[in-house]
Amino acid sequence: MTESSDLPDRWPGLAGRIEGAAHVLPVRVYHEDTDFTGLVYHANYLKFCERGRSDFVRLAGISQTDLFDAGGEKEPAAFVVRHMDVDFLRPARMDDVLEIVTSVDEIGGAAMTLLQQVMRDGAVLARLRVKIVLVSSSGKPRRLGELVRRGLERFVNQEG
């Protein structure tokens, strides 16, 4: 069985790519992503963006698995969505190839705000502003550690 650390060598584009100060994740729309009208069901935009956020953090050098499996004296932690604003602007359809573009707006003590756009051929289909908080397994906010800050600060307030 292949270790997950071998995946970047075997599938270099699987987690998308960093372009300037933004992360871009390509996503193909499948039949299962659409509703009876043939358009992408609104909740699936949230799933696409979750993938974008997860892969952005991964490519920034932050292992969410390591945060959760902290061990030692640190309580396990995970990123959770605290607040989300979404503007749905245009529909996507089956077989479209979308780009989920993620950037950092700000980083606070235990939280960060990410900006996301769902795009098709340069057109913005949806815009999201997502506040993410690092919480311990007991549900208490936990300060963003040096590893998280070091991985993400280079993306704050930069032109994409």
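Just so you know, all these numbers are worked out from the coordinates, no wet-lab data involved. Predicted model, so just to flag it, every value in this text is computed and none were measured. Because the Cβ atoms are built from the backbone with ideal geometry, glycine has one as well, and the counts that use them run over all protein chains shown.
Remarks
- For region 67-158, with +1 on Lys and Arg beta carbons and -1 on Asp and Glu, the positive-most of A126, I100, S138 along the dipole: S138
- Sorting H23, H42, H31 by the number of Cβ atoms found within 10 Å of their own Cβ, with the fewest placed first, yields H31, H42, H23.
- Both radii are taken from the alpha-carbon atoms of region 99-157; with Rh as the Kirkwood radius, Rg/Rh is 1.07.
- The chain: Cα Rg divided by the 2.2 N^0.38 Å rule of thumb: 1.08
- Folded to 0 to 90 degrees: helix 42-59 orientation relative to the chain principal axis, Cα: 40
- Relative contact order [Cα under 8 Å, 6+ residues apart], the chain, whole percent: 26
- Counting only GluC sites (Glu not before Pro) that DSSP places in a loop and that have at most 16 other Cβ atoms within 10 Å, the longest clean stretch of the chain runs over 74-158.
- By the helix-only formula, in which each DSSP H run with n ≥ 4 contributes -39500 (n - 2.57) and the sum is divided by residues, the chain has a 222 nm mean residue ellipticity of -6000 deg cm²/dmol.
- Proximity of backbone amide H atoms, modeled 1.01 Å from N, is registered between V124 and no other residue at under 5 Å, excluding neighbours fewer than 5 places apart on the same chain.
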